[in-house]
Amino acid sequence: MRNAATVVITMAGESRRFARQGCLVPKYRLLVRGRPMIWWALSGLTMYAKCGCRFVFVARRDDDASELVQEQCSALGISDVALMELSAPTDGQATSAFLASDLAVDTEKPIIIFNIDTHLKPPCLGSPPEDCDGWIPCFPAGPGAWSFARLTDFNRVAEVAEKVPISPWATVGLYYFGSCSMFRSLYVEYSGRISGERYIAPMYNLMIDRDCRVEASFLAKNDVIPLGTPEEVEQFDPDWRELNRHFLGEM
């Protein structure tokens, strides 16, 4: 990556699907194939650490994430690390990332936002195209809990929609903006919510309306491992419940 970016990892959610099944800790602490879920999310992004990117984590203060974050970053060779701890849940990933952007390396350098419950097999992700204003890696997926990108013939993004399958291309959950200041401005301007939650993907439509260059890249379906629900974790690791007996209450 030409300019060192700030990589924001959002992990301040309430893990409701896991809590409903008896989980007593945030999902990023769960062991999946013997490693914490946070490791699986970070392991596909280590090339950005080698480029001098800062990794900013945003978590809830009550979850006491600092030791785990430092431990897993050290194991993966991520050295420039910051943690923002929030006193209460936000109204969505966009707000969590906006708050965390206060810890950016430089507001005129790029920002990359990623969730804590998706594993991208390295080295499938790659880097953003040169001189783009926005970048959305995608993979082929049917209807589901994704955001979707409709593309032009030149891999330019023409429209993004949350939870609406406007094309066969779902986003992998990683969002790039050419500068942190651009992302912050878009957040302030865009006030849309879906079921009361503020998502990042629809913010790109403001950029597209202004003829900004938003590009897609493409991953194979088997390069993207979703871990956002107990069912998805079960598919990736059938033994996860046994591994996490000490984290699980009454089922």
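The values are calculated or read from the model by the stated rules, or taken from the named source; none is laboratory data. All values reported here derive from a predicted model rather than from experimental measurement. Positions of Cβ are backbone-derived with ideal geometry, glycine not excepted, and every protein chain shown enters the neighbour counts. SASA here: full protein model, heavy atoms, side chains in, ligands and nucleic acids out. Shrake-Rupley method; radii C 1.70, N 1.55, O 1.52, S 1.80 Å.
Could you check the spin-label model distance between residue 25 and residue 191? Points 7 Å from the Cα along Cα→Cβ, value in nm.
Calculated label separation equals 4.1 nm.
Can you tell me the length gained on complete extension of the stretch residue 209 to residue 231, counting 0.36 nm per residue apart and subtracting the Cα distance? Present the calculation step by step, with values, prior to reporting the outcome.
Working: separation 22, 0.36 × 22 = 7.92 nm, distance 3.75 nm.
Length difference between fully extended and current span is 4.2 nm.
Efficiency by 1/(1 + (r/R0)^6): what FRET value for residue 152 and residue 243, r their Cβ-Cβ distance, R0 = 45 Å, to the nearest 0.05? Please list the in-between numbers first.
Numbers: r = 45 Å, r/R0 = 0.99.
Efficiency, rounded to the nearest 0.05: 0.50.
Please give me, ordered by residue number, the GluC sites (Glu not before Pro) of the range 3-96 that lie in loop per DSSP and have at most 13 other Cβ atoms within 10 Å. Can you show the working numbers first?
Numbers: sites: 14, 67, 71, 85; in loops: 14.
In loop regions of the range 3-96 (DSSP not H, G, I, E or B), the sparsely surrounded GluC sites (Glu not before Pro) are 14.
Using only Cα atoms, find the angle between the long axis of helix 66-76 and the longest principal axis of the chain, and express it within 0 to 90 degrees, rounded to the nearest 10.
Once rounded, the angle reads 70 degrees.
Find how many whole Å separate the alpha carbon centroid of the range 88-161 from the alpha carbon centroid of the range 21-39.
Centre-to-centre (Cα) distance: 23 Å.
Are there any trypsin sites (Lys or Arg not before Pro) in the range 74-175 that are in a DSSP loop and have at most 16 other Cβ atoms within 10 Å? List them by number. Numbers along the way, then the final one.
On the way: sites: 150, 156, 163; in loops: 163.
Sites meeting the loop and neighbour criteria: 163.
Please work out which option in (1) 15; (2) 25; (3) 11 gives percent of Cα pairs over 34 Å apart calculated from these coordinates, and answer with its label.
Checked against the structure: label (3).
Arranged from highest to lowest average of other beta-carbon atoms within 10 Å per residue, in what order do the peptides 208-215, 115-122 appear?
Descending mean neighbour count gives 115-122, 208-215.
Can you compute the helix-only [θ] at 222 nm over the chain? Use -39500 (n - 2.57) per DSSP H run of at least 4 residues, normalise by all residues, nearest 500 deg cm²/dmol. Don't skip to the end; give the middle numbers.
Values: 9 runs with 62 residues, N = 251.
Theoretical 222 nm ellipticity from helices: -6000 deg cm²/dmol.
Determine the per residue accessible area of the chain with all protein chains present and a 1.4 angstrom probe, expressed in square angstrom. Walk me through the numbers on the way to the answer.
On the way: 11260 Å² over 251 residues.
Using a 1.4 Å probe on heavy atoms only, each residue of the chain averages 45 Å².
For the range 134-218, which chymotrypsin sites (Phe, Trp or Tyr not before Pro) are in a loop by DSSP, counting at most 15 other Cβ atoms within 10 Å? Please report the intermediate quantities before stating the final value.
On the way: sites: 135, 146, 148, 154, 169, 175, 176, 177, 183, 187, 190, 199, 204, 218; in loops: 146, 154, 190, 199.
In loop regions of the range 134-218 (DSSP not H, G, I, E or B), the sparsely surrounded chymotrypsin sites (Phe, Trp or Tyr not before Pro) are 154.
Which lysines have a Cα less than 21 Å from the Cα of residue 109, not counting those fewer than 8 places away in the same chain?
50
If I take every Cα pair under 8 Å that is 6 or more residues apart in the chain, average their sequence separation and divide by the length, what percent do I get for the relative contact order? All intermediate terms of the calculation are to be shown ahead of the outcome.
On the way: 503 pairs, mean separation 62.1, N = 251.
Once normalised by length, the contact order is 25 percent.
Round to a whole number: what % of the accessible area of the range 173-251 belongs to carbon and sulfur, probe 1.4 Å? If you can, show how the numbers build up before the last one.
Numbers: 1880 of 3950 Å².
That share works out to 48 percent.
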